[in-house]
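A.B. asks: Structure below; questions to follow.
The values are calculated or read from the model by the stated rules, or taken from the named source; none is laboratory data. Since the model is a prediction, treat every value here as computed from it, not as a measurement. Reconstructed Cβ throughout: ideal geometry from the backbone, glycine too, with neighbour counts over all protein chains shown. Ligands, DNA and RNA are excluded from the accessible area calculation, which covers all protein heavy atoms including side chains. Shrake-Rupley method; radii C 1.70, N 1.55, O 1.52, S 1.80 Å.
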Amino acid sequence: MADLMDHPTRVRRGEELDLSKLEPFLRSRFPSEPGPLSLQQFPSGHSNLTYLLHLGDREMVLRRPPFGSKVKTAHDMGREFRVLSGLHSLYVPAPKVLFYCDDQSILGVPFYLMEPIHGVILRRDPPAGLSFPPATARRLSESFVENLALLHSLDYAAVGLSDLGKPQGYLERQVRGWIERYHGSKTHSYPEVEKISEWMQQHIPSTGGASLIHNDYKYDNVVLDQGDITKIIGVLDWEMCTIGDPLADLGTTLAYWIDAADPEELQEQRSGPTTYLGSFTRKELVEYYAQRTGRDVSRVPFFLTLALFKLAVIVQQIYYRFHLGITKDERFASMPRRIQILLRAALHSVQTGKI
């Protein structure tokens, strides 16, 4: 079988870790591991940084905030560690964490370590050598939604996470907060922002309940079994997890889910094989979610608009660091175009009421 696993590569320039400080700390935690320390970086993702460490025969994954970020609430390593510490026993796809370090003399920021999850991660297209016929695409679409429905059904209070968020007023805070974050990181003038902002503030629906929500659930944040890629064995990137309206989580997933009939500029944004024959359309995804959960999904266009706007603001915040010269990652240079595309898609949702 071809090697379809997700592999790290060399560390990006400007995102190196100080091994002279990290190694003694790790050896104090794992004194029985005599082998050398080596470090690689997982190349995808634009937010918290993820590295694979080898200390002798022991493999560990290290998560730390991005260099130069001042948005502390978005990169709270202690909070992310706490979520995963409680969640893994209840929800097996959540990574198993090892320990958290808030001693900033080690890396200059808090970080935590967790056990790796070895599997396949689907990005824009399936990896070479992977058969992806319509029946597989269909079953994976179903598994993907079933796993989201499972997450939304968890008894989060049973693992001590009931104080993770405040369900009352969640949507109002989301709308207000993302508008404020946009203006706090503004570098360009986008005419869509005012129209979208005004519409969202006037059309906030009543909440559809409270669930543990991932807030970034998409194909390249799930790990699949190499022997059966329709089976989800891991869910990654829990930095935005909270207690909130489950339809907001569904909206975020829809914002990433590109349909085959979408315009070309949206096709450019595709981060998973959602347009392949057999895959759900956004409409089918919503219908299947409603079938699995029994939830009223009639207001989903609002949640898609909010999610598209939120993604645009997240990209804007990342670009803002690049604009100021805080980060040198050249991937960020083209982000204004992506922001514009996401805002146009959000405004289209406002104007048509469609997903």
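A.B. asks: Go through the range 97-140 and give me each residue that's among the hydrophobic types (A, V, I, L, M, F, W, C), in contact with an Asp or Glu (Cβ under 7 Å, 6 or more places away or on another chain) and either closer than 17 Å to Y256 by Cα or open to solvent by 50 Å² or more (accessible area, probe 1.4 Å) (or both).
C.D. replies: Of all residues in the range 97-140, those among the hydrophobic types (A, V, I, L, M, F, W, C) come to 97-99, 101, 106-107, 109, 111, 113-114, 117, 120-122, 128, 130, 132, 135, 137, 140.
Narrowing further to those that are in contact with an Asp or Glu (Cβ under 7 Å, 6 or more places away or on another chain): 98, 107, 120-122.
The answer is L98, I121, L122.
A.B. asks: Got a number for residues in the range 129-169 being over 20 Å from V222 (Cα atoms) and under 19 Å from the mean Cα position of the chain (by Cα)?
C.D. replies: 2
Yes/no per residue for (1) touching a strand residue (DSSP E or B) at 6+ places or on another chain (Cβ under 8 Å); (2) over 27 Å from F42 (Cα atoms); (3) of a type in the set (D, E, K, R):
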residue: I213; (1), (2), (3): yes, no, no
residue: D216; (1), (2), (3): no, no, yes
residue: V222; (1), (2), (3): yes, no, no
residue: D225; (1), (2), (3): yes, no, yes
residue: I229; (1), (2), (3): yes, no, no
residue: L236; (1), (2), (3): yes, no, no
residue: E239; (1), (2), (3): no, no, yes
residue: I258; (1), (2), (3): no, no, no
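A.B. asks: Going by the structure shown, is R338 part of a helix (DSSP H, G or I) and within 20 Å of H188 (Cα to Cα)? Walk me through how you get there before you give the answer.
C.D. replies: On the way: part of a helix (DSSP H, G or I): yes; within 20 Å of H188 (Cα to Cα): yes.
Considered against the rule, which asks whether it is part of a helix (DSSP H, G or I) and within 20 Å of H188 (Cα to Cα), R338 comes out as yes.
A.B. asks: What are the residues in the range 296-326 that are within 20 Å of the chain's Cα centre (by Cα), farther than 22 Å from Q174 by Cα and β-branched (V, I, T), if any?
C.D. replies: None; the set is empty.
A.B. asks: Could you list, in sequence order, the residues of the range 272-313 that are open to solvent by 50 Å² or more (accessible area, probe 1.4 Å), closer than 16 Å to I355 by Cα and in a loop (DSSP other than H, G, I, E, B)? Let's see the steps before the verdict.
C.D. replies: First, pick out the residues of the range 272-313 that are open to solvent by 50 Å² or more (accessible area, probe 1.4 Å): 276-277, 281, 283-284, 287, 291-292, 294-296, 298-299.
Subset that is closer than 16 Å to I355 by Cα: 281, 283-284, 287, 296, 298-299.
Hits for the range 272-313 are T281, D296, S298, R299.
A.B. asks: With Q340, Q316, Q269 as the choices, which residue is under 18 Å from W178 (Cα atoms), open to solvent by 30 Å² or more (accessible area, probe 1.4 Å) and touching a residue at least 60 places away in the same chain (Cβ under 8 Å)?
C.D. replies: Numbers: Q316 fails: open to solvent by 30 Å² or more (accessible area, probe 1.4 Å); Q269 fails: under 18 Å from W178 (Cα atoms).
Exactly one of Q340, Q316, Q269 is under 18 Å from W178 (Cα atoms), open to solvent by 30 Å² or more (accessible area, probe 1.4 Å) and touching a residue at least 60 places away in the same chain (Cβ under 8 Å), namely Q340.
A.B. asks: When the range 193-208 is examined, which residues are found to be among the hydroxyl-bearing types (S, T, Y) and within 10 Å of V175 (Cα to Cα)? Give the steps one after another, and end with the answer.
C.D. replies: In the first step, residues of the range 193-208 are kept if they are among the hydroxyl-bearing types (S, T, Y); the result is 197, 206-207.
Passing the criteria: only S197.
A.B. asks: What about G86, is it modelled with pLDDT under 95, farther than 30 Å from G129 by Cβ, part of a helix (DSSP H, G or I) and open to solvent by less than 20 Å² (accessible area, probe 1.4 Å)? Break it down stepwise before answering.
C.D. replies: On the way: modelled with pLDDT under 95: yes; farther than 30 Å from G129 by Cβ: yes; part of a helix (DSSP H, G or I): yes; open to solvent by less than 20 Å² (accessible area, probe 1.4 Å): yes.
Spelling it out, G86 is indeed modelled with pLDDT under 95, farther than 30 Å from G129 by Cβ, part of a helix (DSSP H, G or I) and open to solvent by less than 20 Å² (accessible area, probe 1.4 Å).
A.B. asks: Based on what the data block shows, is A333 open to solvent by 30 Å² or more (accessible area, probe 1.4 Å) and in a helix (DSSP H, G or I)?
C.D. replies: Working: open to solvent by 30 Å² or more (accessible area, probe 1.4 Å): yes; in a helix (DSSP H, G or I): yes.
Yes: the conditions hold for A333.
A.B. asks: Can you pull out the residues in the range 158-185 that are in contact with a helix residue (DSSP H, G or I) (Cβ under 7 Å, 6 or more places away or on another chain) and closer than 21 Å to I318 by Cα?
C.D. replies: Within the range 158-185, Q174, V175, W178, I179, R181, Y182, S185 qualify.
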